[in-house]
Structures are given as structure tokens and as C-alpha cells.
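The values are calculated or read from the model by the stated rules, or taken from the named source; none is laboratory data. Here the structure is a predicted model, which means the values were calculated and not measured. Please note: Cβ atoms are built from the backbone with ideal geometry, for glycine as well, and neighbour counts cover all protein chains shown. Surface accessibility is based on the protein's heavy atoms, side chains included, excluding ligands, DNA and RNA. Shrake-Rupley method; radii C 1.70, N 1.55, O 1.52, S 1.80 Å.
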Amino acid sequence: MWAYAGPGLLVAVGYMDPGNWATDLAGGAKFGYTLLCVIMLSNLMAILLQHLCIKLGIATGRDLAQACRDHYSVPTVWFLWILCELAIAACDLAEVVGSAIGLQLLFGIPLIWGCCITALDVLAVLYLQNKGFRYIEALVATLIATIAVCFTFELFFAKPSLIGVAAGFIPSGEILKNQGMLYVSIGILGATVMPHNLYLHSSIVQTRRYEPTPDGRREAIKYATVDSTGALMFALFINASILILAAAAFHWSGHSEVAEINDAHKLLSPALGVSVASALFAIALLASGQNSTLTGTLAGQIVMEGFLNIRLRPWLRRLITRGIAIVPAVIIIGFYGEGKTTDLLVASQVALSMQLGFAVVFLMRFTGEWAKMGLFVNPLWIKILGWTTAIVIIVLNLKLLIDLFLPAALLKTIYGLFGLPAPS
């Protein structure tokens, strides 16, 4: 088990990055514990999809990007690569803004300068890559432990309603009827199940040594799945903690409109009556942002090499990705002020969710083909669960786009055809 432990933590980092903070804070402050069920369902989807990534990587020796390159024409592969790069840029945007906010809350550094300072993390990534993969995993584990300790104390201070929390894990039909609730829900989905994580996991799971026999591969898949599932359950705890904290501290105290991370930090200590609460919040946010940069770098390299068979030097690849994220962040903060940062984080997560359908469809297709997978092809029950997950993701994204961009009168007509109430 120890030999296979590690890749799951790297993947789980993507499920608790600063983008999750924005969506979870907004969901908890506005809607109480209602959206806990969305976090749980998203996490279950993530566990299934990451298991399929493990199967693909170990059974075929190819990651998802390489499998796409093997299977599709050059124009299609370039199109998929561009989509994936957009997803990585959206994720990196969340990391840049989240880390900058953490620096501002702890040290008073302006957000624009904080965004620029985050570019320096390329040096840490390069140093760790030269030392070896286990060093990266060790740093990730330390930062995750820091986040967990901070939120354990925060929940102790917040004293949430256990009955309310339990009820929040039961799905509610209101989520589909309320446009604001649905928008935040799809943001949570985008923040939880991340498209580039599917490419990343199918590659890094191959860093472990296993016998190239059916029994050896079966053992590798089993232990890698245990590693991945355990790490993702940890991510569920972190995400649920953020939402529960926001609900307990703000929803019923006259601060239900708190969706800005800065406002949450400012109001947390007074709301909970504990002076250290705001500092713990900021430390956990900074650790979250720095943690996510490690997996963003690895995912970017794997995607470019897998789709295009182009290998850039790690420092150049990192600077390009970080530059794509920093420029829009600096422009938006410069023009609209620091109050728009949380809107930027939520929008980046919705953009991630829009890319997700493509990655999931290809993952389901490849792991369902006997020619590629052999003995490890998906059984019928996994095919049903996997395709159901893909359909749910795609339908929710289409619904969100329709609700956001069609006129209210046309929406009322469309929903009336199906006997459904138009979104509010």
C-alpha cells in the first residue's frame, strides 16, 4: 500500500484548490447546508472517474492524452489539446487569485503584486522535480495536513448543527429550480471534478513499479484505487468543511450575501467570537493555492506531451501557463477593483465544468473498448454509472448555458413545453 500511495494525494489537491473555496463559500453563505449533497455527489463522481483513469493508465500504459492522440485525427487532437489548456489556465487562474488573496490577508500585500509574486513558485516546483517525485508528494501531504488542521479548529469554533449538516447531504429538487443555486452547484461540480486531473492521474499512476502481467496490473489497479479513494474522501472533508463553516458563520447571522473570500476572512473572527479564526482561514487558503500549483505544472506538461508529443523545459512550460493565468487576473483586478476576485474564481470553475464533458466521454469510450483494455474493460455496471455521470455533467452544463444566455420569455416557453417552472 505504501508503494502505491502518493498519486492520489496529487490528484486530490485539485479537488480542494482556491476555486473550491469561492464556490463553497458562496453556496454555504447563500443557501446554508443545502448544497452539501452537491459536494458529496461530485466527490462520488470524482472517485469513479479517477478509478477509470487508473485502469486506463495501468492496463494500456498510455495516459488519456496519449490515447486520444493514438485514436483521433490531428485536427481533433489539436482541438482537444486547446480545450484542455483552457481548463488548465482556468484552474491556474484560481490558484493565482487564491494565493494572492492569502498573501494579502496575512501580510497586507496588494492583490496585483500578490498575483505577480505567485509566478515565483516555478522555482520551488523545479527544485522538487529535480529532487524526485516522492519529494513533491511529501510537500503536498504536508500542505494538505496544514489545511485539514486549520479547518478542524474552524469547525470546532463554528459549532454547526449536526442535524442540519446531515440533512444537507440529502439531495433537494430546489437546486434545479433556482438558477442561482444551480450556478453555484455547477461551479462546485467544476471545482470538484476537474478535466485536467483525468489526464494527470492516468499518467502519474504509471510512476509506480508493477509486474507487467494481468495479476500484477490487477494488484496495481486495486491499491492505486484505494490510494485515490482515500485521498478524495479527504478532499470531501475539506470542501464540506468550507461550506459548513460559511453556513454556520454567515447564513443565519445576517451575512448571507457573503461570497467574497476577503469578507469571509474579515467577518469570521467576529462571527465565531474567536480571534484566531481569520488567521487560520488565511493560512489554509495560502496552503491551498500553493499546493495546487504543483499539480497544475505536472498536468500542463503531461497534456502537451500527450496530445502533441512536444516536450518543453519545465520552467518554460510553467511560465507560459502561469502567464496565461496572471494576465487576465491583473487586468480584471486593475480595472474592476479587488471586489471582483471571488466572481473571477467562481467563473473559472464554471469554465472548468464546461470542458469536463469532453474528457469524461473519451475516458468512458477508451475504458469501454476491449481492443484497448483487454481483460480490464469496463463491466456493464461501471459503463452504466460512468455514462450516467457523463450525461449528468453535460446536461447540467447545457442547462446552465441556456439559463444564463436565453431571454426570460423564451426560457419560460421552453420550460413550459416540459411542464417545468422557469428558473428564478
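Below, the figures for the structure above:
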quantity	calculated
Signed unit charges on C-beta, dipole axis of the chain, positive-most listed residue Leu417, Met45, Asn397	Met45
The chain - charge dipole about Cα centre, Lys and Arg +1 at Cβ, Asp and Glu -1, debye rounded to 20	760 debye
P(r) histogram, all alpha-carbon pairs of region 1-112 included - 5 Å bins from 0, percent	2, 9, 12, 16, 19, 16, 13, 8, 5, 1, 0
Stokes-Einstein translational diffusion, region 166-240 - Kirkwood Rh over all Cα pairs, 1.306 mPa s, 10 °C, in µm²/s	104 µm²/s
Within the chain, helix-based [θ] at 222 nm, where runs of 4 or more DSSP H residues each add -39,500 (n - 2.57), nearest 500	-26500 deg cm²/dmol
Given Lys159/Lys266; Lys372/Lys399; Lys131/Lys372; Lys55/Lys131; Lys131/Lys222, the pairs whose alpha carbons are separated by over 23 Å	Lys372/Lys399; Lys131/Lys372; Lys55/Lys131; Lys131/Lys222
Accessible solvent surface per residue of the chain, calculated while the other protein chains remain in place, 1.4 angstrom probe, Å²	41 Å²
From phi via Karplus (6.51, -1.76, 1.60), per-residue ³J(HN,Hα) for region 201-215 in Hz, x at Gly/Pro	5, 5, 9, 6, 5, 7, 6, 8, 7, 8, 5, x, 10, x, 5
Tensor-based shape of region 53-195 (alpha-carbon gyration tensor, a/c under 1.5 rounded, otherwise prolate or oblate)	oblate
Globularity ratio of the chain, using Cα Rg and 2.2 N^0.38 Å	0.95
Region 173-287, relative contact order [Cα under 8 Å, separation at least 6], %	10 percent
Region 155-209 - percent of accessible surface contributed by carbon and sulfur, probe 1.4 Å	66 percent
Potential lengthening between Trp387 and Tyr135 on full extension [0.36 nm per residue; Cα-Cα distance subtracted]	87.1 nm
Candidate aspartates and glutamates for bridging to Lys383, where Cα separation is under 17 Å - those fewer than 8 sequence places away on the same chain excluded	Glu369
Residues Leu44 and Ala166, FRET efficiency given R0 of 30 Å [Cβ-Cβ distance, rounded to 0.05]	0.95
Positive-end residue, the chain charge dipole about Cα centroid, Cβ charges, pick of Leu280, Ala59, Gly168	Ala59
Per-residue HN-Hα couplings for region 154-160 [Karplus 6.51, -1.76, 1.60; θ = phi - 60°; Hz; x = Gly/Pro]	4, 5, 4, 6, 6, 6, x
Options Asn197, Ala100, Gly114, ranked by Cα towards positive dipole end of the chain, top entry (Cβ charges)	Asn197
